[in-house]
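One structure is given here, and the rest of the page talks about it.
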Amino acid sequence: QVQLVESGGGLVQAGGSLRLSCAASGRTFSNYAMGWFRQAPGKEREFVAAISWSGGRTSYADSVKGRFTISRDNAKNTVYLQMNSLKPEDTAVYYCARAREAHIATTPSYVNWGQGTQVTVSS
């Protein structure tokens with residue numbers, strides 16, 4: 001198993017930035033693709049971004065493309081989500097997840113989840 005702990009959430013004004021971190025422990029972090037998801041009140045959890053095991057390939061939801069950047073540091077067992085130009089509709093609990101696969105060429109299966117970190121964007 002991999003334990004995942006998110007941090008970096010908070011309250012920010014529209015147009016501002018936040019950087020989320022997800023620290024992993026347990027199984028070899030660098031073997032797996034990682035993803036970020038979010039869930040707003042009353043809505044289903046939705047995909048935000050994913051990154052392959054090496055960081056060489058990334059993918060994004062259309063709603064965040066050009067504003068959010070996913071990255072990873074395998075030496076630190078950490079994946080990041082840099083969020084710029086935040087909008088009130090980005091308000092949600094953000095979760096990181098570990099994939100069963102190393103690559104993201106096809107939609108990964110996510111098997112471990114963190115507890116989430118709250119992001120609130122005020123207008």
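The values are calculated or read from the model by the stated rules, or taken from the named source; none is laboratory data. For clarity, every value in this text was computed on a predicted model and none was experimentally measured. Every residue, glycine among them, receives a Cβ derived from its backbone with ideal geometry; neighbour counts consider all protein chains shown. For accessibility, only protein heavy atoms count, side chains too; no ligands or nucleic acids. Shrake-Rupley method; radii C 1.70, N 1.55, O 1.52, S 1.80 Å.
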Pairs where the first residue, in the stretch 107-123, is among the aromatic types (Phe, Trp, Tyr) and the second is open to solvent by 50 Å² or more (accessible area, probe 1.4 Å), C-beta under 8 Å, 6+ apart: Tyr110/Arg100
Matching residues in the stretch 99-123 - criterion: being part of a loop (DSSP other than H, G, I, E, B) and of a type in the set (S, T, N, Q): Thr106, Thr107, Ser109, Gln115, Ser123
Top-ranked residue in the stretch 15-60 [being in contact with a Leu (Cβ under 6 Å, 6 or more places away or on another chain) and of a type outside the set (Phe, Trp, Tyr); ranked as farthest from Ala99 (Cα to Cα)]: Gly16
Test result for Ile104, modelled with pLDDT under 95, farther than 12 Å from Glu6 by Cα and either within 11 Å of the chain's Cα centre (by Cα) or surrounded by 15 or more Cβ atoms within 10 Å (Cβ to Cβ) (or both): yes
The stretch 74-98: number of residues that are within 14 Å of Arg38 (Cβ to Cβ), out of contact with any Cys (no Cβ under 7 Å at 6 or more places or on another chain) and either open to solvent by less than 30 Å² (accessible area, probe 1.4 Å) or outside any strand (DSSP E or B) (or both): 11
Looking only at the stretch 64-73, and only at residues there that are open to solvent by 30 Å² or more (accessible area, probe 1.4 Å) and part of a strand (DSSP E or B), the one that is farthest from Ser52 (Cα to Cα): Thr69
